Structures are given as structure tokens and as C-alpha cells.
């Protein structure tokens, strides 16, 4: 009888499984599990059971999990020496906070949980799937119909696998049929009593590969759970057609009696599978046990026999690659001839179809990587024939187990694809490779004429200087106007989406020897390079075969020295400049403890290096995220020791629960401070039913004179953007608070410039906002008087500031408009896909302006230039780590997660030549009053 539609689907699924697993897989199973318990979502366990007659060595086996979207990850790799005796158990438990609470102690712990509607799997040491259970249709792990999620209620409830009359686990390949709800659960570990397995027959699945016209024996094994009694036992084994049909010559039908001798537990027999010389779809038949002697039960009476046809296929590279990340020929043997070696590495090489044979489909690649595991004996320009197996290495199509023959040398290389302004695409709606931006170029030669290094090197394993982020269009990966990619545009907002910069990709410079291993690269460096495109653990990657640096960015890169006729005003977010005391609601450091005295001293020295060597000793410097006035005074003293300049410190405590504040450092030899005061420090709002301060860090206003010119500077540090792009109550709350903060500051600004319209006024610091609207609240636009209701969800009505302020960021060259580096995941589009990669999307490093300088008309008339000092965002990770021991300006590298800036204003004459207004006594009184504001 022909199988039903459901049976055919099961056959197909089992064929996939059998192509990857051994017949012994049936001995190990997930016998019980819980993904949420009385203590919460981490109160989990997974129980494994060995139903075989021998102990199982589980060294290197993996416990993996999936969420409901198919994203997978390894939760645990079992240590060497882990095993399960016959009929016994192994208990894996979640050891994270709020983890497993059961009375039976676990054998091995993991620390990352399984989602309530996800799935779980056991893989062997080679990564092959052994058993899997799903709790939703979206889980990557499931067999047949998945189980229903037990929801988010904390209770002792899980699932247990059913057993048959002999105590063996039921495994039909259908989760819904094999498991029942267990409430309460009863987990068992290696110390629990082992199961007493009754005497029963079972037969294991089998598979063979057919690679030629020669017949192949397929061995099947029949097992007894206990040694056979006196005289032995017998059982009948009969083959039955499924997709493989004996009458069609796929295999020889068999009906035989299997004898298991006295005292033995196993016996084997072969089914002859016929070979063939042409490719074919995989097929399967089954073997049915019947007529057991002594009426012994049949625990598993049916086995699947999978015929995996692996007849080598003659194919061009584009046929092997196909259009997707997984080759249409994955797992098959192929023969591809007459291709040209384009790059050689220590464990393989890339080859490409000659131009004359290249296909016309722009969505398929003409190049591929051949993995040889050791240094290949080929050279660039060789023409090669390759017989190999098609593999999918973490979504990189490649050839392995290759037999390579060189037929010619010195061949002309295929023409490279030119990456530049148009390719890869910067428009996510028209990506270069259809659904991705790079897949159709994987393995192919590429030339980049105008490359830009976007980030310094990351660290990877033993490589202190590894990959960098790049673009091929000569532009930094800037955050540009528009609503965040992937975020719904709010009702009443006319802004388009920002693209998310799909043209950004990685570069691994040393893989093909273009530069020595661990070569550092500083962001902002430009280059020309030739190489190939690859795919490296979730990200498309350019591997150069040659690279020439056109401009080498320095690290650190200081701003220009202050001109004699200039007043320099700057700002620097110090990134939690904290003292050693835990005297706030939360730790100032953001960690579990505050820094040590040694840590504080080192941070002080490094900030001094940044202010002195990178920002070139500004006259007035706004500092954000500083814990206390004594701490800031210590920095002023350090600057005096390091650079022989006199700085005075000004800081007034605000309302931040971790204690960070805004303040000023002012050069007393060049600037005379008239007053320092907080603005709107006591202003409050209704924060979800509670009265709370609008400003965690009340803006700090300093009024000062330089060379007879009185001016004012406001230091700001507004609410972070952390939640604003989300779709939940925290986002609504944070947007409202940001709107109120900006409105409050705008009113203060308008009062100041109305009172003294000819007095220069600058608002500087960390605005935690872009120089354009994000679609929710344009804080910079609101404070400067340029707010557009059509571009913002929260409506203002009439602007509060007139005349409008000018943002000096507009004067900075486009590629230099950034003060913060933010890396985020945008999901499976953006030029990347995530199937099987274990990631939830491509990570895009984006540089953006969060630190601004707003100038009124009087200040703008005096404006000379704005510059960002570079010592933090562009540095390689290892370079920043090494900076702590530097004794020169390099000590500044990596001291903060922001880059500071300076603005120069024209003030005639050299500052400090004449005494500022007021006597020495008055000046001293003002300085003694630092830290005590004159009113609110």
C-alpha cells in the first residue's frame, strides 16, 4: 500500500535525520523536561535517558535551544567523561539566578534558559541532531507536530516522554504523540534508580550512501533489552516499500528470521541496496519485526532504511551556490572543472568560473571556497578540477573532502566585481542580491577602490586585532535622518525610514595574508583593496588578497591647538567618572561595586590626558557623568600637574539615583567665572502616578567673562534614548520625559537670550539625541527652536525659542559628524540572513551625533570652528585596553564611550593678557564658591 501524504512527509523528515545521525541515536532521548517552574522562567531541567544495552559516552554532546522565531544557540556542551549507563538518566539543570529548584540535584548545569514557546535538542559531538522537542511551530527544533506551550505561569509543570510496556521510551517522530504533561514533574539524575527494562525486541534505523553502480549492503541491528535466555530467541524481519520500491530495482526485498544467540543482546542482517550511475532523490523503505519467539514484546517494531544517493554531479560553481545561503546541492558530491584559483589561505582556497563561462544570473555567485584543512598545494592563477562534497559551514557554502587536480598555471583571473557607491546597495528595498546585499558575491573576486574603515579592530579569541567594519563608498556608517529601520512610523509623522546602512560589512584583513596577523586599524582609515567576499559566523566578510592604505587615521587624533584670539568651549561625557563610595540608590559605576581608589586614580589620569592632549585644554569644558565635586577637583589638580594649567571645578548635585552629575572645568588663567547655577532643578512631573523631577541632571549654567566679553554656557545631559524606539510602556514614558526635559530647557534658553540678546550663549553636552528628529521627540530641534510637529509623534505647537539657535555640528564635515558608536541588530534583512546562524539579526555599528553645541546668534557671529577629538570611538579594542599603561597622550584612548568636542569663538587679543573684571578678592570669592550655585 502506498504511504499517505502524512507518511510521505515523515519519510522525508526521517531521511534528513538519517543522513546526519547514526543508528545508535535511538538509544538516547529527552525523557522529561521543564522550561518554567515554581521559581520562574529559569526554573528548568532537561532529563536524558539511555534506553540502550550499553553505556553511552556523551563527551562533547550539546544541549541546544531555539526560540519561537527559529533562532538557535548552544546552552551547554557536556564535559569530557560524561556518560549514561544503560537504563539510566542524566539531569541538566539551569543554574542561573532563579534557576532550578527541584529536590533532585542536577548532574550538569547550564546558565541560559529556554523560552516558554521555544524548543530544545540534543546534538552529538559532531553537531548532528540526536533528539528534539518543540513547543511551537516556529521553533527550529521539533519533531512532527510540536507540543503546546505550557504558558508563562510559574508552576511545577513540564512534559514527560511516554514509555511502552517494556519501559522503553516511545519515539514515533511526532512530539505530540510521544509526550504527556507531567504535573508535578519528577526529574531523575545519574544517582536516581535506573529503569528496569523488561525483555523486548527493538530494531534501529539504518542508512547507506550510494556513490556508484555497485551494490551496497545496508546493515540493520535487532536488539534485546536483556541477554537472550537459554536456547536464544528469534524474530521475523520483513522489508516493506516506501519511496524505495524493490520491484523497481532500488533494493532487494527480504523476509528473514533473525536469531539472537543465548546470552547475547544483538544480531544483525543486511539488506542489499542496488547502486546506480545517475543522480536521484534519496529514498527509503522500512523493516518490520513480527512473530517474536516466546511472545516477547516488540518495543520498536519498525525501522527506517534510508538510501542516500551521492552520485557525483557535474556542476558549475553557480549551480553549486544557487541563490540562497544553503546550496541546493548541500551534502552531495560534485565535480566542477576548469575553474581559476583566486585566493589561497592556510586551510583552503577560493576559485571562480572563468569569465567566458560565467552565468548570466546576477543573483548567483561564480565563486566558492574549497576547504582543505591544511595549506593547499595550489597557487593564484592555477586552473583546477575539484571533486568534493558540498557543505554548509555556518551558512557559508563550501566544498570539502576535495580531490584537486591542477591542469594549468598562470591563468588570467576573472574580472572582479567593483564595490563602490552603487554596490553594495544602500537601499534595503533594492538590495544587490535580491533578499540580501552580498550573497551573490560570496566566493567571488571584489575590488574596493574607496574603502573606509568604520570601526577599530575587535578582539577575537587569541587575536587581539581581528575584524573591522567597513564601507566601500568612502563614507562612515553614519546615523542619517529618518525613523529607525524596522520601527513603525508613528501616526501623524511624515518622516521616512532611515536605511539602517545595509552597505556595511566586515573585513578580516589577515586571513589571506594581505597584512600580518594582528595588524591594528583605526577607524577613519581609507584604503584600496582586492579580495573575495566570504561569510563568517553571521556576517558577510571581505577578505583582501592585497590592500593599500590611502589615509591612515591616527589614534589619538587631537583637535588643533587653540588660536591666540579664540575662546575654546568644549564638552566631554566622562562615562561614569565615579568615586569609591556606594552612597546612592544604585552604584555609580553601573556594576555590582564601585571602583577602587586605584581605579579612580587611573581614570583621573586618563581623563586628564584626553582633556589636555586631545581637546587641547579648553577654556570652559562641560563634563557629564561625574559623581562629585571633590572628584572633579581631583581632575583639575591632575590637569595642573600634567599640563601646568589652572582649572577650577564647578558641580552641583542633581537627582540621578546613581549619583552622576554635570559640571564644568574652567581655566582660571583665561576665564573669570561670574556665577554658576542650576536651571529648573526643582521642576517636577507626574511619572506614572508619582511626582518626580523632570531633570535627573539639572542643566548647569555658567556665566563668565573672557577678555571683557561676557558669555554663558549651559551644560546638559538629558534622558537616554535606550527605550524610545520600543513599542511598550517604558517607551511612552521615556518619550514624554524627554519631551518635558527639552521643553523645560527651551524655556530657560528663551529667557536667557531674551534678557541678554547680544551675549554669546552656548548649550553644550550630551543631548542623547540626534541633530534631526527620530520620529518621536526631536530634542535638539525643540531646544534650538526648530521643532516640526509633522516630524514628531509628540506635538509642540509653537516653538519656544526665537530666534532659533544654530547647531555647530552643521559645520563639521559629514564623515566627522559623530560622537558615539552604537551597534544594534536589525533582524534578518539589512543585507544579511540568519537561518541557522544562532543570531537574531545582523549587527550594524553606526556612528551618530549625541553631543552637540547650540549657539545663539551672538555666539554664531563669533564662531570659528567645531572639532571632535578622537580617542575613544575609533580605537581598536585592544589598543584601548593597552592605553592604561601608556605614559603619553595614548593614555586617553578608550577612557569614555563618547568623543568630546570643542567650539572656538573669536575673542580679540590673547586671553589672560588682562585681568578680568573684578578684584583679586572677588575672583577668589567666586572660585571659593565653586560647587555652591547662586540660586535656581
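The values are calculated or read from the model by the stated rules, or taken from the named source; none is laboratory data. Computed from a predicted structure; not experimentally measured. Cβ placement follows ideal geometry from the backbone for every residue including glycine, while neighbour counts extend to all protein chains displayed.
Just a few scattered comments:
- Boolean, residue 571 is over 27 Å from residue 397 (Cβ atoms), in contact with a strand residue (DSSP E or B) (Cβ under 9 Å, 6 or more places away or on another chain) and buried (at least 23 other Cβ atoms within 10 Å of the Cβ): yes
Each row is one residue, and each column tells you yes or no for (1) in a strand (DSSP E or B); (2) in the same structural domain as residue 895 (by TED's automatic domain parsing); (3) crowded, with 19+ Cβ neighbours inside 10 Å.
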| position | (1), (2), (3) |
| --- | --- |
| 533 | yes, no, yes |
| 538 | no, no, yes |
| 541 | yes, no, yes |
| 544 | yes, no, yes |
| 547 | yes, no, yes |
| 554 | no, no, no |
| 583 | no, yes, no |
| 586 | no, yes, no |
| 591 | no, yes, no |
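- For the range 684-719, filtered to residues that are surrounded by fewer than 18 Cβ atoms within 10 Å (Cβ to Cβ) and not in a strand (DSSP E or B), the residue that is nearest to the chain's Cα centre (by Cα) is 688.
- Counting the residues of the range 453-465 that are at pLDDT 95 or above and out of contact with any helix residue (DSSP H, G or I) (no Cβ under 8 Å at 6 or more places or on another chain) gives 3.
- Considered as a group, the residues in the range 772-784 that are touching a helix residue (DSSP H, G or I) at 6+ places or on another chain (Cβ under 7 Å) and under 17 Å from residue 853 (Cα atoms) include one that is surrounded by the most Cβ atoms within 10 Å (Cβ to Cβ), and that residue is 783.
- Total residues in the range 161-177, condition crowded, with 21+ Cβ neighbours inside 10 Å and either within 37 Å of the chain's Cα centre (by Cα) or over 22 Å from residue 53 (Cα atoms) (or both): 2
- Filter pass, residue 456 being part of a loop (DSSP other than H, G, I, E, B), on the phi > 0 side of the Ramachandran plot, touching a residue at least 60 places away in the same chain (Cβ under 8 Å) and not assigned by TED's automatic domain parsing to the domain that holds residue 384: no
- The combined condition, being assigned by TED's automatic domain parsing to the domain that holds residue 267, at pLDDT below 95 and surrounded by fewer than 21 Cβ atoms within 10 Å (Cβ to Cβ), is fulfilled by residue 229.
- Qualifying residue in the range 132-144 (condition: more than 22 Å from residue 302 (Cα to Cα), touching a residue at least 12 places away in the same chain (Cβ under 8 Å) and in contact with a helix residue (DSSP H, G or I) (Cβ under 8 Å, 6 or more places away or on another chain)): yes
- Criterion applied to 235, 287, 273 was being closer than 30 Å to residue 334 by Cβ, in contact (Cβ under 8 Å) with a residue 60 or more places away in the chain and crowded, with 21+ Cβ neighbours inside 10 Å, and the one residue passing it is 273.
- Counting only strands (runs of 3 or more DSSP E) that sit completely within the range 378-439, those holding 1 or more residues that are in the same structural domain as residue 317 (by TED's automatic domain parsing) correspond to 383-393, 396-408.
- In the range 838-868, residue farthest from the chain's Cα centre (by Cα) [restricted to those that are in a loop (DSSP other than H, G, I, E, B) and modelled with pLDDT of 95 or more]: 862
- Scanning the range 479-510 for residues that are within 17 Å of residue 424 (Cβ to Cβ) and outside any loop (DSSP other than H, G, I, E, B) yields 505, 506, 507.
- Some residue of the range 698-705 being over 25 Å from residue 785 (Cβ atoms), touching a helix residue (DSSP H, G or I) at 6+ places or on another chain (Cβ under 7 Å) and modelled with pLDDT of 95 or more: no
- Of the candidates 804, 731, 746, 835, the single residue that is modelled with pLDDT of 95 or more and either crowded, with 20+ Cβ neighbours inside 10 Å or closer than 30 Å to residue 395 by Cβ (or both) is 746.
- Residue among 206, 182 that is closer than 30 Å to residue 101 by Cβ and touching a residue at least 60 places away in the same chain (Cβ under 8 Å): 182
- Candidates are the residues of the range 20-37 that are part of a loop (DSSP other than H, G, I, E, B) and modelled with pLDDT of 95 or more; the one that is farthest from residue 130 (Cα to Cα) is 36.
- Among the residues of the range 641-660, those identified as in contact with a helix residue (DSSP H, G or I) (Cβ under 9 Å, 6 or more places away or on another chain) and without any contact (Cβ under 8 Å) to a residue 40 or more places away in the chain are 641, 642, 643, 645, 646, 647, 653.
- Residue satisfying all of: in the range 290-302; at pLDDT below 90 and either in contact with a strand residue (DSSP E or B) (Cβ under 7 Å, 6 or more places away or on another chain) or within 19 Å of residue 256 (Cβ to Cβ) (or both); surrounded by the most Cβ atoms within 10 Å (Cβ to Cβ) among these: 299
- The number of residues in the range 203-224 that are under 22 Å from residue 170 (Cβ atoms) and either more than 45 Å from the chain's Cα centre (by Cα) or surrounded by fewer than 20 Cβ atoms within 10 Å (Cβ to Cβ) (or both) comes to 4.
- Residue that is free of Cβ contacts under 8 Å to residues at least 40 places away in the same chain, over 30 Å from residue 519 (Cα atoms) and surrounded by fewer than 18 Cβ atoms within 10 Å (Cβ to Cβ), where the choices are 347, 356: 356
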